[in-house]
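Participant: The structure is given below, and queries will be raised subsequently.
The values are calculated or read from the model by the stated rules, or taken from the named source; none is laboratory data. For clarity, every value in this text was computed on a predicted model and none was experimentally measured. So basically every Cβ, Gly included, is an ideal-geometry build from the backbone, and we count neighbours across all protein chains shown. These accessible areas exclude ligands, DNA and RNA; they are computed on the full protein's heavy atoms, side chains included. Shrake-Rupley method; radii C 1.70, N 1.55, O 1.52, S 1.80 Å.
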Amino acid sequence: MKILVTAGPTRERLDPVRYISNRSTGKMGYAAACAARDAGHEVTLVSGPVALPAPEGVALVRVESAAEMAAAVFDAFPRQDLVIMAAAVADYRPVEISEHKIKKQKGDLLLRLERTTDILSELGARKRPGQLLAGFAAESENLLENARKKLASKQLDWIAANSVADGFATDTNTIVLLGRDGSETVIGPDTKLRVAAKLVDMITSPGKTK
Ligand code: CTP
């Protein structure tokens, strides 16, 4: 299969030296890309800024902002059989990017933020029959309930519900893989690599229920 994986955080620029981002390390997405490659698939990895080495045998596209990630994903999407969105995409970006370093003033500074494109929702609206979409739901409360809502609203085939109550940037992980048909499979706790291998296997195996 041709598989597109996204990974890592995005950075939303404020001025030449500052940005808004999150604590994603990209490890889960990189693990998914490597697992898919090892299973014999043709893998494209669209990655936000991370400290991880480029995986061998994977076409790597580096991006910085949510808008750049959206452009790279939309460009590649028509050629993909499956998209796994593991990236922690910013939901908001500064309305204005200052050309010069913002100088401090007396008193508080108010930042105005605007919504970014929800990449996965857009893919859900665009997908053609046969294309599969898998997302991640990072939740600190009501894990399965919130994940199910995202599965439905973004028109996904699978969603990996991922509790971030105990933190975000860790080496191990436990996910609950929810399928469109109501299936529910706990994967882990295990290393992100082994969790990713099982996830990719379940999503790509024909005949497995969703
Ligand atoms: N996602 C995306 N584009 C965005 C935001 C999120 O494609 N602008 C994708 C993520 O890659 C993930 C899924 O949507 O696969 C769910 O992301 P998450 O941050 O858990 O949820 P949100 O949709 O951002 O909703 P909320 O922040 O309200 O929990």
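Participant: Answer with yes or no whether Gly40 is closer than 27 Å to Asp171 by Cα and within 16 Å of the ligand (Cβ to nearest atom).
Facilitator: Answer is no for this residue.
Participant: The conditions are (1) open to solvent by 20 Å² or more (accessible area, probe 1.4 Å); (2) under 27 Å from Ala39 (Cβ atoms); (3) in contact (Cβ under 8 Å) with a residue 24 or more places away in the chain; (4) not β-branched (Val, Ile, Thr), and His100 fails exactly one of them. Which is it?
Facilitator: So His100 meets the others, but not (2).
Participant: Given the condition part of a strand (DSSP E or B), at pLDDT 90 or above and more than 16 Å from the chain's Cα centre (by Cα), answer yes or no: does some residue in the range 190-210 qualify?
Facilitator: yes
Participant: Shifting gears a bit: Out of the residues in the range 76-97 that are touching an Asp or Glu at 6+ places or on another chain (Cβ under 8 Å) and not in a loop (DSSP other than H, G, I, E, B), which is surrounded by the most Cβ atoms within 10 Å (Cβ to Cβ)?
Facilitator: Of everything passing the filter in the range 76-97, Arg93 is surrounded by the most Cβ atoms within 10 Å (Cβ to Cβ).
Participant: Could you list all residues from the range 112-139 that are assigned to a loop (DSSP other than H, G, I, E, B) and either near the ligand (Cβ under 9 Å from one of its atoms) or within 22 Å of Phe74 (Cβ to Cβ) (or both)?
Facilitator: Hits for the range 112-139 are Thr116, Thr117, Asp118, Lys127, Arg128, Pro129, Gly130, Gln131.
Participant: Here's something else I'd like to know. Within the range 127-146, count every residue that is open to solvent by 50 Å² or more (accessible area, probe 1.4 Å) and within 18 Å of Gly8 (Cα to Cα).
Facilitator: The total comes to 1.
Participant: Residue check, Val164 against (1) closer than 16 Å to Met85 by Cα; (2) in contact with a Ser or Thr (Cβ under 6 Å, 6 or more places away or on another chain), all met but one. Which one?
Facilitator: Val164 satisfies every listed condition except (1).
Participant: Let me ask you something else. Would you pick out the residues in the range 147-181 that are within 11 Å of the ligand (Cβ to nearest atom), over 21 Å from Arg194 (Cα atoms) and open to solvent by 20 Å² or more (accessible area, probe 1.4 Å)?
Facilitator: Result: Lys149, Lys150, Ser153, Lys154.
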